[in-house]
1. Of everything in the range A:284-303 that's assigned to a helix (DSSP H, G or I) and within 14 Å of chain B (Cβ to nearest Cβ), which residue is farthest from A:E210 (Cα to Cα)?
2. Going by the conditions given, is A:G333 crowded, with 16+ Cβ neighbours inside 10 Å, within 14 Å of another protein chain (Cβ to nearest Cβ) and free of Cβ contacts under 8 Å to residues at least 60 places away in the same chain?
3. Please determine, by comparing only the residues of the range A:221-261 that are among the polar types (S, T, N, Q) and surrounded by 15 or more Cβ atoms within 10 Å (Cβ to Cβ), which one is modelled with the lowest pLDDT.
4. Please count how many residues of the range A:221-242 are hydrophobic (A, V, I, L, M, F, W, C), at the interface with chain B (Cβ under 9 Å from one of its Cβ atoms) and closer than 16 Å to A:S269 by Cβ.
5. For the range A:183-220, which residues satisfy the criterion of being among the charged types (D, E, K, R) and at pLDDT 90 or above?
6. Out of A:I218, A:I209, A:I185, A:I192, which single residue is under 30 Å from A:K144 (Cβ atoms) and free of Cβ contacts under 8 Å to residues at least 60 places away in the same chain?
7. Report, by residue number, each residue of the range A:267-283 that is open to solvent by less than 60 Å² (accessible area, probe 1.4 Å) and farther than 19 Å from A:E210 by Cβ.
Amino acid sequence: MPKKKNALEAINDAVEVAGEERRRLAETIVRETMEQAPDEPGELTVDTANRLLHELRVHQIELEMQNNELRRSQQGLEKSRTLFFELYNLAPVGYVTLNEKGMIVGANFTFAAMVDATMSTILAKPFSQFVCHDDQDIYYCWEKNLRKKNAPHTCELRLEKKDGTQFWIHMVANLTRDADGKVVIRVVVSDISELKKTEHELAAANRTIEETSKAKSIFLANMSHELRTPLNTIIGFSEVLQDELFGPLNAKQMTFVENILNSGRHLLSLINDILDISKVEAQKMTLELDRINLADICKGTVAAFSEKARKKEVTLSYSFDPTLVDVPIVADGRKIKQILYNLVDNGIKFNHSQGSVSISVQKDSDIAIPAGLKIIVEDTGIGIADEDQEKLFLPFSQLAQSYYDRQTEGTGLGLALTKHLVELHGGRILLQSDPGQGSRFTILLPLNRHEPGNG
Amino acid sequence: MTPIILVVEDNDMNRLLMVEVLRHYGYEVLEASNGAQALLLTRQHPIDLIIMDMQMPIMNGYETIKVLRSDARTAGIKIIAVTSFALDEEKNRILATGVDVFVPKPIDTRTFSKLVKQILDRSNNAPFEGGREQ
């Protein structure tokens, strides 16, 4: 039906005309389109009238449906506008749009509230006007980098309110083009004053911790001095007596002197352990690297503990991979010795009579530390329960206390220190142990890490 | 001729220990309990070696060594520095004074007499580290 289509088209064309005008226009359109119709019958028969009436009703319903659709889309628009207002203007962050010259061409209310200014005093102003004097350079660099890289970019700086109050913000932005194709910079501005405050508080707290730690170091150095002075007397005179420099001792006297000497030396080793662990904690422990003869150190360790092992009836042995004999090993010899001493000492201490402690040095094929060295110290002692194993390497740990309490002396520092010394060399210490089955400490050391000109 | 050794140490018992051990090995030993006393003795006796504790009241080891080294009459006396401060900073500070050897406390009476002999026999003044194995 071409007539009706024409009429609808005309209506569509006239959609923008409002009110009575629309009505008049509609009537004109009806008249014109009716007159145009060549096959329109001259008389109005009942049939024709009914048909027209029917069509009019259909029209009316169609129009109402269209009307509803329009109303709905208008409501939708209204909702979108509210949503936009809430999302943009009342967002919990500031939004600013800058033009190519850094002028503010748009901002949300949150930003206006941040700088405590009305929209009219913000728009068309350079953003730099709100940046505090000391941070202008930061802003300048940020803007420059933004243009250069054409990628989202962030920075932290201080803005200034009208009254001169400064506050920290974090800015993130990207360079894009608006609907007209002009370059614009869209910036998200977040107030990070609280964060900065926390940062400052943390820094202050850290300073306090550093000062405390320094005071602790000084205290330890002094304590070490105060303890060493009388120990010097105890150990020195015991040695002189034991060596019978001033005349012979009887058997009982000799035993007593030996007891004094052993206790004195034990006290000394405790002081040294405490001092070492505090050095590690203060990060003052450094390595004195040199070519070392590891086989000699192992041999020396076995010799140093042979007496102690003999008394406890523990067999002490060591093996050295022959392929390693000519391999240069660079490490801190004194500290490697300390590691071995600690492990062997523990191995004997926590052993049964007729038990054994063995040191074994091998080439390590572990892929984690390639071309490394493996030192294994294994004992047949009391072993360590699974749940205690991870606590074992912590200084002054509860385990260390209960572990050492009963039968053996010690500070519980030895293994913590050993772990630190291994790690200082870039290595790792592993423990395999079952209660009653003994313990196996494996030290993995990188071989060429410290080799001058070779690693 | 018997070498003359001056032991400078403020702790009476530690001083007694060193004096007794050195006398046992046949040295002639003088003693002082602070740097000022030590300086006085160096003016009165031809001293070959000084065992110097670094921490002392009245005049400590650092001040004493400075005076000794700046005076032509005493600049050549060999010095073994003894300290009970075990931190590395202390060790470096002592070696910087130009002493012959640095020995941490407690001293090992068994190796100490050997060290003394070694230093007395030495003609050059290159410092090296000695003392007890820890």
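The values are calculated or read from the model by the stated rules, or taken from the named source; none is laboratory data. Keep in mind the model is a prediction, meaning the values are calculated, not measured. Counting neighbours? That spans all protein chains shown, and the Cβs are built from the backbone with ideal geometry, glycine included. What goes into the accessible areas is simple: the full protein's heavy atoms, side chains included, and nothing from ligands, DNA or RNA. Shrake-Rupley method; radii C 1.70, N 1.55, O 1.52, S 1.80 Å.
1. A:A303
2. Yes, satisfied.
3. A:S224
4. We begin by selecting, within the range A:221-242, every residue hydrophobic (A, V, I, L, M, F, W, C); these are A:221, A:223, A:227, A:231, A:234-235, A:237, A:240-241.
Narrowing further to those that are at the interface with chain B (Cβ under 9 Å from one of its Cβ atoms): A:221, A:227, A:231, A:234-235, A:237, A:240.
Among the residues that remain, those that are also closer than 16 Å to A:S269 by Cβ are: A:227, A:231, A:234-235.
Residues flagged as hydrophobic (A, V, I, L, M, F, W, C), at the interface with chain B (Cβ under 9 Å from one of its Cβ atoms) and closer than 16 Å to A:S269 by Cβ within the range A:221-242 amount to 4.
5. First, the residues of the range A:183-220 that are among the charged types (D, E, K, R): A:186, A:191, A:194, A:196-197, A:199, A:201, A:207, A:210-211, A:214, A:216.
Within the range A:183-220, A:R186, A:D191, A:E194, A:K196, A:K197, A:E199, A:E201, A:R207 qualify.
6. Working: A:I218 fails: under 30 Å from A:K144 (Cβ atoms); A:I209 fails: under 30 Å from A:K144 (Cβ atoms); A:I185 fails: free of Cβ contacts under 8 Å to residues at least 60 places away in the same chain.
From the options A:I218, A:I209, A:I185, A:I192, the qualifying one is A:I192.
7. Selection gives A:L268, A:S269, A:L270, A:I271, A:N272, A:D273, A:I274, A:L275, A:D276.
The rows are residues; the columns are (1) modelled with pLDDT of 85 or more; (2) under 24 Å from A:L287 (Cα atoms).
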position	(1), (2)
A:A303	yes, no
A:S306	yes, no
A:A309	yes, no
A:K312	yes, no
A:D321	yes, no
A:D326	no, yes
A:R334	yes, yes
A:V361	yes, yes
